[in-house]
Amino acid sequence: MDQLWKGAFILAVANIINRVMGFGYRIATMQLIGPGGVGLFEMVFPVYSLILVITTAGIPVAVAKMVAEAEATGNRGVAIRVFSFAVRFLALAGLISSAGLWLSPDGFWLAIFPDPQALLVFRTLIPVVLVVSISSALRGYFQGRQKMVAPAAAQVVEQAIRISIGLGLALQAKPHGVEFAAAALAKGMVLGETAGLAFLIAVYGWHRSRPDGKSPKFFAEKIHVRDLVRFAAPVTASRILATLLLSLQAILIPLRLQASGMSTGLATQTFGQYNGVALSLVTLPTVFTSALALSLIPSLASSYAQGKKHLLWRRCKRAIRFSFLLGAPWAVIFFTMPVQLSAVIFGQPSAGEALRVLALGAPFLYLVQATGGILNGLGRMDMGLKNSILGSLLNLLCVMMLTGQPNWGIKGAAFGAALSWITVGLLNLISIKSVTEIRISFREVAKVPLVASIGMALAILLTRGIIRIIRLEDPMGEIILQLVAGFSIYGMLLIGGQSRT
């Protein structure tokens with residue numbers, strides 16, 4: 001099996017396990033603390049993510065790329081020196097950031113969060129910054145060596161601890177108020193990340209003790225910090241942009257919803273439904289594309305370092321084609337069954353209107369991840385950054401102009417997200433073509449999935465009509481029947497279309 005797809009498969013399996021657990025966790029938290037509690041957590045999480053991105057400074061991605069290049073040219077010493085510098089730098093940065101957050105005044109954060117109850121959640125999450133900073137260096141090292149089992153297993157450990165302890169603590173804290181229940185979930189996250197770090201350290205220690213002549217040791221070879229910074233800077237800027245966008249949305253969307261006539265409590269609940277239900281559903285297929293994106297970085301870097309141009313082109317084309325094959329059917333599902341999915345899975349049918357709008361851009365969300373991994377692997381993080389900036393500006397413009405209007409409401413935020421995904425996905429394709437000179441045709445990568453998805457949509461609608469005639473009184477059964485019919489038609493049309501090309 002191609003090393004790219006082997007690594008992607010390992011990460012995808014871990015992502016599926018995590019997403020299944022996380023999906024159940026989302027459902028449980030929505031039922032346990034309600035959309036108001038989820039909204040508090042979703043207000044804080046983007047701010048925390050922004051702080052974490054600034055702290056790690058894109059170093060983990062640069063480590064993965066530089067380690068992969070060093071391994072491909074047989075220079076293990078450089079790989080270890082890169083990792084050594086990164087882990088010390090990130091540990092120091094995480095310690096400084098955590099201390100700064102701990103000493104920061106409450107008044108500053110109360111002026112940022114639309115709901116003052118979010119402050120307790122934010123304070124609880126502070127230790128995560130140091131923990132994740134260190135673990136990210138270890139992840140970058142293992143990914144660079146294309147040893148995906150360790151980071152994949154660490155993800156499972158993190159999720160298992162986070163869910164089991166977080167839900168237990170939230171159940172105990174619920175009688176004291178929704179903010180204490182949300183803070184309990186944050187405690188579970190801290191403990192989960194700590195367990196994941198302990199696991200990665202143990203695996204790294206085991207690798208160092210292996211008597212195979214290849215165990216990590218410190219060599220005298222020098223590394224150029226400027227190379228690390230050159231790779232890390234655009235990744236840092238891109239991630240800061242993404243998390244800044246999430247942070248601004250966490251602040252602006254509730255405020256704009258209030259401007260449309262909603263009360264503070266209702267705006268928080270609506271935002272919680274949007275982030276906790278609609279976005280959770282539409283990002284479900286990213287278990288595959290995010291795994292592919294992470295595997296693309298060391299894989300393409302290794303191919304480029306070895307001068308294997310044809311292998312590089314083949315991997316790029318397959319990744320783009322895969323994102324379309326995956327994205328088309330899920331977009332159909334989210335567009336044709338949004339209310340049913342939101343109601344049956346989360347008990348929040350009103351989230352369906354935002355989910356239907358998000359579905360319009362869903363295929364491009366998955367394309368953005370795959371193409372972003374390609375650009376990072378090629379060392380053209382700067383192109384991905386420029387494309388992301390334009391998409392983010394469009395997103396914020398829609399939030400500001402549409403979300404505050406009563407006839408749009410939360411659908412305005414969803415439209416902005418969909419428009420952003422479409423824009424960035426197309427721009428990334430153009431950028432890849434300019435760098436690699438790969439000829440990417442619509443017919444080659446998207447025509448068959450598009451035709452098959454149209455047939456899938458018709459099959460779902462026809463099945464729904466039959467269900468209404470026979471009056472099946474089982475909501476979950478209705479969803480399953482529609483999915484079986486839709487995927488059956490999609491698969492048959494896909495196989496038929498591929499055989500003709």
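Taking GLY74, is it at pLDDT below 75, buried (at least 19 other Cβ atoms within 10 Å of the Cβ), small (Gly, Ala, Ser) and at positive phi?
Details: at pLDDT below 75: yes; buried (at least 19 other Cβ atoms within 10 Å of the Cβ): no; small (Gly, Ala, Ser): yes; at positive phi: yes.
No: the conditions fail for GLY74.
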_Filter the stretch 240-260 down to the residues that are modelled with pLDDT under 85 and surrounded by fewer than 22 Cβ atoms within 10 Å (Cβ to Cβ) and list them by number._
ILE240, LEU241, ALA242, THR243, LEU244, LEU246, SER247, LEU248, ILE251
*Taking the residues in the stretch 346-374 that are part of a helix (DSSP H, G or I) and open to solvent by 40 Å² or more (accessible area, probe 1.4 Å) as candidates, determine which candidate is modelled with the lowest pLDDT.*
GLN369
_For VAL399: the one exception among (1) open to solvent by 10 Å² or more (accessible area, probe 1.4 Å); (2) touching a residue at least 40 places away in the same chain (Cβ under 8 Å)_ = (1)
*So which residues in the stretch 456-492 are in contact with a Ser or Thr (Cβ under 6 Å, 6 or more places away or on another chain) and among the β-branched types (Val, Ile, Thr), if there are any at all?*
ILE460
*asked:* If I ask for residues that are at pLDDT 85 or above and exposed (fewer than 12 other Cβ atoms within 10 Å of the Cβ), which ones from the stretch 174-201 would you list?
replied: none
*When you go through (1) open to solvent by 30 Å² or more (accessible area, probe 1.4 Å); (2) aliphatic (A, V, I, L, M); (3) modelled with pLDDT of 90 or more one by one for ILE333, which number turns out not to apply?*
(1)
*Find all pairs meeting these conditions: Cβ atoms under 6 angstrom apart; at least six residues apart or on different chains; first residue within the stretch 406-428 and closer than 16 Å to GLY327 by Cα and open to solvent by less than 10 Å² (accessible area, probe 1.4 Å); second residue hydrophobic (A, V, I, L, M, F, W, C) and not in a helix (DSSP H, G or I).*
ALA418/LEU360
*Looking at this structure, is ARG81 within 19 Å of the chain's Cα centre (by Cα) and crowded, with 19+ Cβ neighbours inside 10 Å?*
no
*Find the residue count for the stretch 139-155, including only residues that are within 21 Å of SER49 (Cβ to Cβ) and open to solvent by 10 Å² or more (accessible area, probe 1.4 Å).*
3
*Is it the case that the stretch 104-121 has a residue that's outside any helix (DSSP H, G or I), modelled with pLDDT of 85 or more and surrounded by 19 or more Cβ atoms within 10 Å (Cβ to Cβ)?*
no
*LEU171, sole failed condition from (1) in contact (Cβ under 8 Å) with a residue 24 or more places away in the chain; (2) in a helix (DSSP H, G or I); (3) buried (at least 19 other Cβ atoms within 10 Å of the Cβ)*: (3)
*asked:* What pairs come out if I take residues in the stretch 142-155 that are at positive phi and pair them with residues that are among the polar types (S, T, N, Q) whose C-beta lies under 8 Å away, six or more apart or interchain?
replied: GLN146/GLN3; GLN146/SER295; GLN146/SER299; GLN146/SER302
*Got at least one residue in the stretch 388-400 being over 30 Å from PHE271 (Cα atoms) and of a type outside the set (D, E, K, R)?*
no
_Return the pair list, or none, for Cβ contacts closer than 8 Å from residues in the stretch 444-462 that are closer than 23 Å to CYS316 by Cα to residues that are outside any helix (DSSP H, G or I), at least 6 apart or on different chains._
GLU444/THR501; VAL448/THR501
_Residues of the stretch 127-136 satisfying the condition of being under 16 Å from LEU185 (Cβ atoms) and open to solvent by less than 10 Å² (accessible area, probe 1.4 Å)_ = VAL128
*Pair list, Cβ under 8 Å, 6 or more apart: the stretch 119-130 residue under 19 Å from GLY39 (Cα atoms), other residue among the β-branched types (Val, Ile, Thr) and open to solvent by 10 Å² or more (accessible area, probe 1.4 Å)*: PHE122/VAL47; THR124/VAL190; LEU125/VAL190
*Would you check if there is a residue in the stretch 308-316 being at pLDDT below 70 and not in a helix (DSSP H, G or I)?*
yes
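The values are calculated or read from the model by the stated rules, or taken from the named source; none is laboratory data. All of these numbers come straight from a predicted model, not from anything done at the bench. Reconstructed Cβ throughout: ideal geometry from the backbone, glycine too, with neighbour counts over all protein chains shown. Side chains are part of the model used for accessible areas, which takes the heavy atoms of the whole protein and leaves out ligands, DNA and RNA. Shrake-Rupley method; radii C 1.70, N 1.55, O 1.52, S 1.80 Å.
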